[in-house]
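In what follows, a single structure is set out as structure tokens and then discussed.
The values are calculated or read from the model by the stated rules, or taken from the named source; none is laboratory data. Please read these numbers as outputs of a predicted model, since none were measured by experiment. Cβ atoms come from the backbone with ideal geometry, glycine included; neighbour counts cover every protein chain shown.
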Amino acid sequence: MDKLNTNWLEFHEKSKFRLVLHLLYFFMGLMSLVTLVNLSNEHFSATPNFFAVGMCIVGLVVLYITKNYRLVGAICSILTFGIVSGAFLFLKATHYLTPIWMIVNIMFTFFILGKKWGIPMLIAHFLVLFYYLIYLHEENIVSVESFSGNDVTTFIMEYSIAGFAIAYILNLYVLTTSYSRSEMIEVNQKLSNQNKLISKQNSEMEVMLREIHHRVKNNLQIITSLLRLQSNNMDEEHSGSYQEAIDRITAMAIIHEKMYQSGSLSKFDLEKYLNSLVSSLLLNYSISKRPELIIDVEVEDMKSKSIVPLALLINELLLNSLKHAFQNQDHPRISISLSENEENKSNRFLLVYSDNGSWIEGSIASFGTEIIQAMSEQLEGVFSLETTSSGTKYVFDLANLS
């Protein structure tokens, strides 16, 4: 697409350069002829034509020295405005031709310099024209004598020159517009083909990622099954450690299950995940009453690198609550809140975890505490713990790692 844009710009710039160059040569030659004809004409002054020839010579010299068609275009536009305005204001003539040259200059300015120059030039030309029509036109008409055959020849020559200039400008405009249209069609076709290819690759990549998540989940389930078989050969005291390991692996397996079941792999539904995690843990722990689960998730975009450590962190907090907090609680309740960090919304979030259990002193295993500490550090975060008679509350300030 960059190559197509470059081609279009080169064509557009060459068209404008060619227009300036050709018009200067054309006007210099023909205006010289008109100047010679008007030298012997009683009703037409050769002065504007003489100045026009001089302008063409100056423009050609500047163009060959600088190769800057915009600079030459600006010079010619301003000088032409001066010549046309001088003809209106100082020559006592019918000015049938002068408005035509005014229109040629306006079209030239718009095409070469754009609307930032074209609009002011248009306004300036018409202000001079209106002034002429209001204050000078009637006096000029009265003072003009009858036309001769030579006058008609001059009219025909200048109208022909102006008509050619208008036709040439419009022709180049049509050419550049047609070229732009063909380039745009080609660009759109290439973009359409690229979009189809990208869409196909995205679909294939999504299928592959879903398959990976599915296989990882199956492999983790195999590991948990092996651990369960091993724990069956252990006494009750040692099998508890195996069950905790199984719960941690299950927490990760549920992540991959939710990922391949998700309609969009880039969107991970934390709320559904947390409900599934609690349901899985409740199957493994004998609690007389199912805890009331209050989940409030305000983080819209949880980055992929943060999901697993966050899941293990919440899993460990839930394990501690289910195992140690609710033995004497008639109405167990767990609250999990995830919200954007107001100080740095794009990169950090707050996790607030609380329960209303009555904790037994020293009941939290040191290994569980180490996991909470390790996952917090992995998420580049800090946390505070508040334990009261009404329950336990953790507040984590964590990074949303991309």
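Give G73, G86 a once-over and let me know the one that is at pLDDT 90 or above, surrounded by fewer than 16 Cβ atoms within 10 Å (Cβ to Cβ), in a helix (DSSP H, G or I) and not hydroxyl-bearing (S, T, Y). It would help to see each step written out before you state the result.
Working: G73 fails: surrounded by fewer than 16 Cβ atoms within 10 Å (Cβ to Cβ).
Result of the check over G73, G86: G86.
When T66 is tested against (1) within 15 Å of L21 (Cα to Cα); (2) surrounded by 15 or more Cβ atoms within 10 Å (Cβ to Cβ); (3) not basic (K, R), just one condition goes unmet, and that condition is (2).
Among the residues of the stretch 305-315, none qualifies, meaning not one is at pLDDT below 80 and either under 18 Å from I255 (Cβ atoms) or out of contact with any helix residue (DSSP H, G or I) (no Cβ under 7 Å at 6 or more places or on another chain) (or both).
Just name the residue that is modelled with the highest pLDDT out of those in the stretch 354-375 that are farther than 20 Å from I295 by Cα and among the small types (G, A, S).
Going through the qualifying residues, I end up with A374.
Please state which one of E211, E206 is among the charged types (D, E, K, R), modelled with pLDDT under 75 and outside the structural domain of I314 (by TED's automatic domain parsing). Testing whether each residue is among the charged types (D, E, K, R), modelled with pLDDT under 75 and outside the structural domain of I314 (by TED's automatic domain parsing) leaves just E206.
Residues of the stretch 298-346 that are surrounded by fewer than 14 Cβ atoms within 10 Å (Cβ to Cβ) and in a loop (DSSP other than H, G, I, E, B): E298, E300, D301, N328, D330, H331, E342, E343, N344, K345, S346.
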